[in-house]
1. If the convex hull of the alpha-carbon atoms of the range 19-84 is projected onto planes in all directions, what is the mean projected area in square nanometres?
2. Contour minus end-to-end for Arg2 and Ala29, with contour as 0.36 nm per residue of separation and end-to-end as the Cα-Cα distance?
Amino acid sequence: NREGIFAAGDAVTGTDSVIKAIAMGRKAAIAIDKYLGGNGNIDEELAPVEEPVPWLGRVENFAFQQRCKTEYTPAEERRGNFNRIDQGYNEETALKESQRCLQCDLRLNISPIKFWSDYLFRKKSN
């Protein structure tokens with residue numbers, strides 16, 4: 001109820017669902033964008049959309065691929081400010097980390113498994 005002050009998620013509702021917190025965060029971001037003179041459109045393509053490689057199969061040593069580490073700002077440099085702590089991935093490290101993915105998005109394009117009962121008990125169309 002104060003101009004220029006925005007809140008969302010647990011700060012507003014207390015502990016609730018993550019989905020609600022994310023939705024409230026989007027609403028807050030839209031309101032902040034408008035407050036700062038924008039049009040409220042916060043949709044942004046952060047990376048080019050690429051078609052996934054349609055191959056699903058065994059990759060040698062897949063289960064043993066290690067998670068990539070990110071750089072952290074030392075504690076001495078973090079004291080007394082709100083600077084970013086975790087520096088995240090650069091493009092090369094992000095690509096390497098993404099190769100550990102199980103490609104869940106491809107699973108949506110796979111035909112469902114058919115069982116014998118699907119064939120035996122099909123309704124006859126006459």
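The numbers here are math on the coordinates, done by the rules we state, and not lab data. Nothing here was measured: the structure is a model prediction, and the numbers come from that model.
1. In nm², the orientation-averaged hull projection of the range 19-84 is 9.3.
2. Taking Arg2 through Ala29 to full extension adds about 8.1 nm, to one decimal.
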